[in-house]
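J.: Okay, here's the structure, questions in a sec.
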Amino acid sequence: MAIGCGAKCAKFLLIIFNILFWLSGAAILAVGIWILVAPDNAYFLEVLRIPSTDNMLRYAAYLLIAVGALVFVVGFFGCCGAIQESKCMLVTYFVFLILILGCEITAGILAVVYKDKINEYLAAEVPDVLNGKYGVSTETSLTRSWDWVQMESKCCGYEKYTDYQGNLALTEKGLVFPPSCCVLKESSDVENISPVDEEKCKARQSNYFYADGCKVAIKNWFDDHVTIVIGLGLGIGCLEC
């Protein structure tokens, strides 16, 4: 009788655990989709796409979606195995559980290491990107993304506005930095950039353009989103343990 009661309790606890596991999978899936789909994130992801990182953050979002979907499948095996008392399903469930835990630990370590390296990569490579790719006809996505970040964060370049010195696309237009570095009219958007006073902005009058770089804004965005990913990994890992 005691054994039967213990088995029922174990089954009940396993079902409750799997419901929590399903919910955690939904959270991982939602965060992965949010990182890829939200317009603000898309612009920052494009700005962070430099040779050393390429599309690493975007791939991380795809990985979150894949793990979230896998958690749903694994949760299904766990629930069915507990309800039907199927040894095969429960073994499959625990094997996948260990695999997911291993992936989360690996992803967490990579996220921490990458978080420390990103600023080094950006400082070394962004100036070349701004000089060689901004404003080029084949790099409209990158150009639009930098414009958006500069408009929203009220900044210019990465370290400062001089990051654009030597950019041929701007030089041909008689510009030292993009119009998105200027103080803009309220009606402006990334497709229609209208400085309050273009001439005063070109003359670098302090009230009409932004001299400081976007380094802090980019770093803050990156740190916030990596912290979310690390937090999710730790939370799911603790749940599994």
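Each value in this text was obtained by applying a stated rule to the coordinates, not by laboratory testing. Keep in mind it's a predicted model, so treat the numbers as computed, not measured. Methodologically, a virtual Cβ is constructed for each residue, glycine included, from the backbone with ideal geometry; neighbour enumeration extends over all protein chains shown.
J.: What three numbers, in Å, describe the spread of the alpha carbons of the chain along their principal axes, ordered from the longest?
T.: Reported extents, whole Å, longest axis first: 88, 34, 28.
J.: I've got another one for you. Can you list the residues, at least 5 places off or on another chain, whose amide H is less than 5 Å from the amide H of Phe209, using H built in the peptide plane?
T.: Under 5 Å from the amide H of Phe209: Val183.
J.: May I ask you to derive the relative contact order of the range 106-189, considering only C-alpha pairs under 8 Å and at least 6 residues apart, and to give it as an integer percent?
T.: That works out to 29 percent.
J.: Mind checking the dipole of the chain: about its Cα centre, +1 per Lys or Arg Cβ, -1 per Asp or Glu Cβ, Debye to the nearest 20?
T.: Taking the Cα centre of the chain as origin, the dipole is about 660 debye.
J.: Another question about this same structure. Through the Karplus equation 6.51 cos²θ - 1.76 cosθ + 1.60, θ set to phi - 60°, convert the phi angles of the range 180-197 into ³J(HN,Hα) values in whole Hz; use x for Gly and Pro.
T.: 5, 7, 8, 5, 10, 5, 4, 7, 5, 9, 5, 8, 9, 8, 10, x, 4, 8
J.: Around Pro127, what is the net charge, scoring Lys/Arg as +1 and Asp/Glu as -1 over all other residues with Cβ under 12 Å from its Cβ?
T.: Around Pro127, the surrounding residues sum to -1.
J.: Right, next: How much net charge surrounds Val229 when only the other residues with a Cβ under 15 Å from the Cβ of Val229 are counted, with Lys and Arg +1 and Asp and Glu -1?
T.: Overall, the nearby charge balance is -2.
J.: Quick one: compute the contact order of the chain, relative version, from alpha carbon pairs under 8 angstrom and 6+ residues apart, as a percent.
T.: 19 percent
J.: Can I ask one more? Taking only DSSP H segments of four or more residues, each worth -39500 (n - 2.57), what value at 222 nm results for the chain once the sum is divided by all its residues, to the nearest 500 deg cm²/dmol?
T.: Value at 222 nm, helices only: -24500 deg cm²/dmol.
J.: P(r) for the range 137-241, please, calculated from all Cα pair distances in 10 Å bins and given in %.
T.: In whole percents, the pair-distance histogram is 14, 39, 24, 11, 8, 3, 0.
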